[in-house]
Structures are given as C-alpha cells and as structure tokens.
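Taking it in order: structure first as structure tokens, then the write-up.
Read-outs throughout are calculated quantities, based only on the coordinates presented, and are distinct from any laboratory measurement. All figures in this text were calculated on a predicted structure; none of them were measured in a lab. Cβ: placed from backbone, ideal geometry, glycine included. Neighbour counts: every protein chain shown.
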Amino acid sequence: MDQNLANGAEPFNAAPSTRIEVMECAKTYVGGVQALCPTSLTVQPGEVLALLGPSGCGKTTLLRVIAGLIDPDRGGRIAFNGKDVTVRPIEKRSVGMVFQHYALFPQMTVEGNIGYGLRVRGVPAPQIRRRVGEVIDLVRLTGLEKRRPAQLSGGQRQRVALARAVAVQPRVLLLDEPLTALDAKLKEALRDELAQLLRELHITAVHVTHDQTEALAIADRLAVMQAGRIVQVGRGEDLYRQPGHPFVAEFLGRVNRLQRDPTANAGVALGGVELACPAALHRQTTLLVRPEDVQIHLGTAPPFAAQGTSWGQARVLQRSFLGNRVQLRLMVLGQADVLVSDQPRDCAAAVNDTVHITIDPACLMPASLNAVSC
Amino acid sequence: MKRALKRCSATHQQGRLDAPVLLSVTLLVTLFTVLPMLLSITAGLSNNFTRGVASGLTTRWIVEVWSLYGSTVWSSVLLALSCMVLVLCIGVPCAWALARSESRAARVFEDLLTLPVAVPGLASALALILAYGELRGFRQSFLFILAGHVVFTLPFMVRTASAAFARPDLQSLDEAARSLGASFLQRFFGVLVPAVAPSIVAGSLMVFTLSVGEFNLTWMLHTPLTRTLPVGLADSYASMRIEIGSAYTLVFFTVILPILWAMQAVARWTEKAYGSKLG
C-alpha cells in the first residue's frame, strides 16, 4: 500500500491540502421540509472529519452541499481555501466522492473505472496508464485490472471506488457511508485500511457515517448531528469522555441512566451510600454514566484499598459473556435503577450475587439540556 | 405433526398431478398457435390448397410473390431499420429527460406520448394526413409512413428506456461521473447509455418488430408506390389465390426471422456485456 512512500517517491496526492468552510448552509426541500438547519463548519487542511448521526439527521445532505450536488438555501456559502465555490457545479469543484454502493461503472474494467476521471479530462493515454498503475498499487488491486465490477468482492469494489476518487487528485475527498454495504468483519479490516490510506494521502476528507466506531477509528474530529443540525464538534475522545450534549453521550456509546432527587440531597444515591455530585450537575434529575465506568467489587466487605470512595450495593440480575468482556446488569439496592457494567472477561460475578459498586463522580454526565431545534 | 406430514404429502402429490395437466395445456395451446402457421406454410408450397400436399409441392407461388411483391420486403426492412434508428435518436434522450424530470408537465407529456398506442392506427393516420397531406413530396414518399411508424413506436422505446434510466443506481453513476469532471455528453454516452444498453436494445427490438408488422396505420398512409410487406400481404389476400397469400407469409417468415434472431443475439450479447448490475 505504501510503496510510493517506502521508495522515497513523492506522496501520491501532490495536490495541496484544502480547507473547507461551510457558512450558514441550510437546505429546505419543496414542501418546506428542512433537511439541514443553518450550519457552519470548518474542516482544516489534511483533516479527516466525520459527520456522525442517525439516519435522517442531515449528514448526507450536508455532504452533498459540500460536494455541489445540492445547492444550499439562499445565504449559505461553501469555500475551499477561502475561495467561494457555492455556485460552482460538482464537475468543476474537484472533489473526489465515494458512494455508499460504490457507483462503479458496470461496463468498464477496474482500470477503466479508475482512469475515467483522467480520460474525461483529456489526460494523454501514457500518463493515464502510469497514474492508474500507481493508484492500483496504492489500494492493492494489482492483478485485478481487467476485471469488471461484478466480478469483484465487496471489499475490492470499495477499493476501486476509492481509487477512482483519488486518481484525479481531488482537492477534497467526500465519503458517503463507504463501508455500510460491507459485512461486519470486512468492514473492520477496511476501516483500518481506509484510516491508514487517508493519513498517507494527507487529503482533507469528510466522512459520513452512522457508525460511531467507524467515525472514532477513522476521523480526526467528529461532528455529531441530530435533526438537521450539528450538536457538537470535537475530537472523538473528548466527545466520548466529555460530551457537551446528552445526545452526543448516548450516540457515541451505551449509557446508564441514574435518577436523583436534587431537592432532597446534594449527592447521588447509589445502593445505600451517597456519591458526591459535581457542581455542574446539581440541578440534574437524571445522570448518565458509561458501562465501563460502573466499577464493581466482589466480596462481603467494600475494598479498603480505595479509601475515600463510597461503595454501594447492587444485585446481579444478568451476566452476559461477550467474548472480550463480561456485561453485568445490576439492580441497585434500595433504588429503581438498573445499571449495566462492563467488566473484564474473567469477572467471577454470578447472577443473584450481591456486589459493591461505585462510580467516579467525574464520569457522570448530564442527561438533559435545552431541546434541540433549528 | 401427523397432520402436517399428511398435508405435506398431499401437496407433493398435487405437484406430481399438476405436471401432466400443465404439460397437456401447454401442448394444446402450442398446437393451437402453431397449426395455422403450419397450414399457411403448407398452402404456400402446395399446387392446390384445397387438395393440400397431395396435390404436389411447388415453389411457383413463392417465385410469383417475389416478382410481384419482392420490393415490399426490402421496403419494410429498410423502413423498420430507419424507424428503429430514428426512435433511438429521439426516444433515448427523451427517456432520460422524462426519467430525471419530476415536473407534472413531464408526466402529462409521457401520457400524451402513449396516446398513439391506445388510439386506433387509422385515427392516427387520418390525423397525419389531415396535418401534412398537402405536403405532396412528403405525402408520396416513404418518409410519410416512416413518420407514422415513429409516432406509433416511440412510446415503446421511451417507456422501456425511461424505466431503466429511473433506476436509483443510475443517479449514483451519473453523480460519480460528474464528481470526476465529466460533461453531460461524456456522461450520457460514456456511462448512462451503456449502463441501460440492454433495455435500449430490447426497446429497439420491439420497435423493429412493431414497425415491420404494422398494418393499420400503414394501410392508410401508403400510396401504390409506397407499399410495405403487410400492405402487400393484404393486397394479395384480397385479390389473388390463397396460395399466393400463403406463399407471401412464408417469404415474410424467411426474411424476418433471421433478422429477429440476429437482433436477439445482439440483445443477449449486450445483456452479457453491459447488463451486469452491481449488488
């Protein structure tokens, strides 16, 4: 894959990296349906940004606005490196696109597909052959040049689609759910490959997906979208650890809900003890916590090693072995809360065991914020 | 459980019973359809139709048909080929436009386009004569019949091709080609038409077949100098011995069948070369 780089040759994508600016772009369809609320976003040169959200959240609409396949409502602007490209059609925008179902030209061979963009640009044949050869090496399709798309596996088609998009050295690469059509195992392998390739190409890329693992693995930054607007933008780790919005917390991974009564006490009740509640969460009636942050301790007495930590009690309702971990469903004693806790795979807790549980208050997240609207 | 097994074996027996019944029905229908053709061919080769093959076999009716109506065979083939080419040139871009347009006007236009199929050919022909009958050169040439055939066969091509162009994967193909910098003409001829080639070839085959056998409209539009095969056939049935009419049918089969087979071979080849859709 990295032959060019290993040989000390110039990186394949010699086109300078481009900054994408989306300024107040909205999209309202005929009939008044607003698919995208006024949205602003900047993608830095060479950065891979994931637009993450459930279906119908407007992420594909935003991608198509950036691509030039959809015109934004009046007032919205798109700029590449500061230059306004809003009225420039996709043909003249120099964007590479990878579609969900690849959209490979069925009657053309692999090399025909990859060289198409160069042919329509009138690049001389020897140059096309050389470039197609380079890209085929890059995506490891050597030996399949003469095959038709129908004769390729899903993963190979995905690579051809990617190769076709980068062969023309686009300014930005736009990926519309490129891994969705693949089965789970292949998806994982190609996800890592895609992430590596994007780093090697050092190309500005926008990647649309509804799969948070894919977004976290591939992107430098994530823009989480809901109901036509971007809820939060940031590094995957920050968004996962300190979500600024309950939707982000819930979308990026599983969360537990913990009820509390802010009028009765200042802390958080947990199985007979009271945990300290961070000042920022004092008004919350429901708190969120990730399964891996619910710690447990087996044995009759709470652990003395962790002094200063309050340990409550819970009963194990269910134990599921998930291969790399064990997932426990815990009924918090004296409360209606049922918490899910992720434990190492050798966890000895059994159903109906009483265990000690605690949560680091720093891991608690708010469950409500102002309602999301345009 | 027992009941389920019983039902299962009953269904199985039913299946075994069905086969001979279906086979018999198929054979009967086939015989009913083929018999008139066989009789017609035999009549065209017999000395005397009333006495059948017993009267002896002859090719003199065929020779006579060829000398009297030979020109109509080539006129019909040429006319059908020209009609096919014209319908391709007009129909395929029209189908693309209709498939991509979401306007109400496009739907109305599509319905209007189908009218000549529903309206009797005689009425369409009359309308053409009323509108363009005064243009002497046009009226007396094969172009007049060609115009009629194009009007009649165009909806078949437009319907077939626009259904293919409306496939959702076609829109992605178009967008992919656009993102790679292709102009409309480059996309249309390089990506879209090849992607729907099997449908276009199937449509062409239909247009050719319809044009070659078209009688209603052609009968109204023809002049003594612009006769097609079906018009000649009607003339021979009406004014000559039944053996000549039958021999004419035989000539029709002999000329048309190889062309249709060749076109079907092209259709199969196109399906193989261009028809592989992506999963």
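A few comments on the model shown:
- Cα-derived Rg to Rh of region A:156-258, Kirkwood definition: 1.00
- Cβ-based charge dipole, the protein assembly as shown, positive-most Cα from B:33, B:270, A:203: B:33
- Peptide B:184-190, shielding by other chains (average Cβ, 10 Å cutoff): 2
- Take the Kirkwood radius over Cα pairs of region A:88-188, plug it into Stokes-Einstein at 4 °C and 1.567 mPa s, and you get 94 µm²/s for translational diffusion.
- The protein assembly as shown: Cα Rg divided by the 2.2 N^0.38 Å rule of thumb: 1.40
- Each Lys and Arg adds +1 at its Cβ and each Asp and Glu adds -1 at its Cβ; summed about the Cα centre, chain A shows a dipole of about 1200 debye.
- Structure note, pairs A:27/A:83; A:27/B:272; A:92/A:185: Cα-Cα distances above 31 angstrom occur for A:27/B:272; A:92/A:185.
- For region B:81-175, a/c is not less than 1.5, where a ≥ b ≥ c are the root eigenvalues of the C-alpha gyration tensor, and a/b tops b/c. That puts it in the prolate class.
- Debye intensity ratio in log₁₀ form over the Cα atoms of region B:28-71, taken at each q of 0.18, 0.22, 0.31, 0.32 Å⁻¹: -0.60, -0.75, -0.97, -0.99
- Label point distance in nm, residue B:66-residue A:125, each placed 7 Å from Cα along Cα→Cβ: 4.7
- Kirkwood radius and radius of gyration were both taken over the C-alpha atoms of chain B, and their ratio Rg/Rh is 1.09.
- The trypsin sites (Lys or Arg not before Pro) of region A:22-80 that DSSP puts in a loop, and whose beta carbon has at most 14 other beta carbons within 10 Å, are A:74.
- Ranked A:108, A:225, criterion: other C-beta atoms within 10 Å, fewest first: A:108, A:225
- Against the rule of thumb 2.2 N^0.38 Å, how large the Cα Rg of region B:158-279 comes out: 1.51
- A Förster radius of 60 Å, combined with the Cβ-Cβ distance separating residue A:79 from residue B:242, puts the computed FRET efficiency at roughly 0.15.
- The separation of region B:228-255 from region B:104-128, counted between C-alpha centres, amounts to 30 Å.
- Comparing region B:5-164 with the 2.2 N^0.38 Å rule of thumb, its C-alpha radius of gyration ratio is 1.64 (two decimals).
- For the pair region B:15-69 and region A:22-66, the centres of their Cα atoms are 69 angstrom apart.
- The distance linking region A:111-134 with region B:203-226 is 47 Å (Cα centroid to Cα centroid, whole angstrom).
- Once C-alpha pairs closer than 8 Å and six or more residues apart are averaged by separation and normalised to the residue number of chain A, the relative contact order reads 17 percent.
- Shape class for region B:82-124, computed from the alpha carbon gyration tensor (a ≥ b ≥ c): oblate, with a/c not under 1.5 and a/b at or below b/c.
- For A:94-107, mean number of other protein chain Cβ atoms within 10 Å: 6
- The spread of Cα positions in chain A, taken along each principal axis and listed from longest to shortest, comes to 78, 47, 38 Å.
- Choice from A:81, A:265, A:324 showing the highest fluctuation, given a GNM over chain A with Cα pairs closer than 10 Å: A:324
- Listed by number, the DSSP H helices of chain B that run 30 Å or longer by alpha-carbon position along their axis and have mean Kyte hydropathy of at least 0.0 are B:2-45, B:60-100, B:142-165, B:242-274.
- Of all DSSP bridge pairs formed entirely within chain A, close to 75 percent run antiparallel.
- From least to most packed, judged by other beta carbons within 10 angstrom and beginning with the fewest, A:55, B:124 follow the order A:55, B:124.
- For chain B, the longest site-free run once GluC sites (Glu not before Pro) in DSSP loop states with at most 11 other Cβ atoms within 10 Å are removed: B:135-279
- Equivalent ellipsoid of region B:119-203: semi-axes from √(5λ) of the C-alpha gyration tensor, largest first, are 37, 15, 10 Å.
- Cross-link partners for residue A:146 among the aspartates and glutamates, with Cα-Cα distance under 20 Å and sequence neighbours closer than 8 places in the same chain left out: A:111, A:134, A:137, B:271.
- Note on chain A: dipole from Cβ charges, positive end direction compared against A:251, A:285, A:323; the farthest Cα belongs to A:251.
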